[in-house]
1. Take the residues in the range 32-72 that are surrounded by 14 or more Cβ atoms within 10 Å (Cβ to Cβ) and in a loop (DSSP other than H, G, I, E, B); name whichever of them is modelled with the lowest pLDDT.
2. Do you know which residues across the range 18-27 are surrounded by 12 or more Cβ atoms within 10 Å (Cβ to Cβ) and not hydroxyl-bearing (Ser, Thr, Tyr)?
3. Kindly indicate whether Ile75 is part of a strand (DSSP E or B), within 11 Å of the chain's Cα centre (by Cα) and either at pLDDT 90 or above or not aromatic (Phe, Trp, Tyr) (or both).
4. Mind listing whichever residues of the range 1-14 are in contact with a Lys or Arg (Cβ under 8 Å, 6 or more places away or on another chain), surrounded by 12 or more Cβ atoms within 10 Å (Cβ to Cβ) and within 14 Å of Ile75 (Cβ to Cβ)?
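The values are calculated or read from the model by the stated rules, or taken from the named source; none is laboratory data. Not measured: the values here are computed from a predicted model. Methodologically, a virtual Cβ is constructed for each residue, glycine included, from the backbone with ideal geometry; neighbour enumeration extends over all protein chains shown.
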Amino acid sequence: MSIRFKFRSSVNFDSIEIDGGKPYISVFDLRSKILQQKKINAVCHKDFDLVFFDHVTGQEYNDDEFKIPSGSSVIIKRFPAEPV
């Protein structure tokens, strides 16, 4: 089972496999897997935040615990990090 994702500026979707055959993945886990797959350095990640949206409805997934169902397609927007 997998989730399809793409950055807003990308043309094509990539995919992430969901561990353990679960029917969903949390936003937090998806973010971690994408950062790892795209080899985005953790230090660099502090400069921006990734915001996830449903490809079909445009709904923002703003809760890290939200469960995204397997087979979903997600659009990712990269925003500058909030100043601390």
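1. Ile40
2. At the first step, the residues of the range 18-27 found to be surrounded by 12 or more Cβ atoms within 10 Å (Cβ to Cβ) are 18, 22, 24-27.
Ile18, Lys22, Ile25, Val27, listed by residue number.
3. Numbers: part of a strand (DSSP E or B): yes; within 11 Å of the chain's Cα centre (by Cα): yes; either at pLDDT 90 or above or not aromatic (Phe, Trp, Tyr) (or both): yes.
Considered against the rule, which asks whether it is part of a strand (DSSP E or B), within 11 Å of the chain's Cα centre (by Cα) and either at pLDDT 90 or above or not aromatic (Phe, Trp, Tyr) (or both), Ile75 comes out as yes.
4. From the range 1-14, those in contact with a Lys or Arg (Cβ under 8 Å, 6 or more places away or on another chain) are 1, 7-8, 12-14; that's our starting set.
Subsequent filtering for residues that are surrounded by 12 or more Cβ atoms within 10 Å (Cβ to Cβ) retains 1, 7, 13-14.
Answer for the range 1-14, where residues must be in contact with a Lys or Arg (Cβ under 8 Å, 6 or more places away or on another chain), surrounded by 12 or more Cβ atoms within 10 Å (Cβ to Cβ) and within 14 Å of Ile75 (Cβ to Cβ): Phe7, Phe13, Asp14.
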